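Every number in this text was worked out from the coordinates using simple rules, so none of it is lab data. None of these values were measured; they are calculated from a predicted model. Backbone-built Cβ (ideal geometry, glycine too); neighbour counts: all protein chains shown.
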Amino acid sequence: MRLDKYLKVSRLIKRRTVANEACDNGRVTINGTIAKASANVKEGDIIAISFGNKEVKVRVLDVQETVKKEEAKELFEYI
């Protein structure tokens, strides 16, 4: 699955366009390397997102095309 779509589906970022912009600005990394919005996300990847001076790190547990709001937190775990 594309990185920008995963960030939206997992609700780490609310809108796909915002996720796309964060990737374009180099604020998102997968396994320590800066990732483009089109990068492929798979189970076990470590995603780090920089929000200003705060950084959020998560481990991908599952990749699904669609998910209900209540089940979105089951797609990742915070590190």
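Figures for the structure shown
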item: Using a Förster distance of 22 Å, the FRET efficiency for Asn40-Asp62 (Cβ separation, nearest 0.05); result: 0.90
item: Residue-averaged 222 nm ellipticity for the chain, from DSSP H runs of 4+ at -39500 (n - 2.57), nearest 500; result: -5500 deg cm²/dmol
item: Positive dipole terminus of the chain, leading residue within Asn40, Val58, Ala22 (C-beta point charges); result: Ala22
item: The chain: C-alpha gyration tensor shape, a/c 1.5 cut-off, then a/b vs b/c; result: rounded
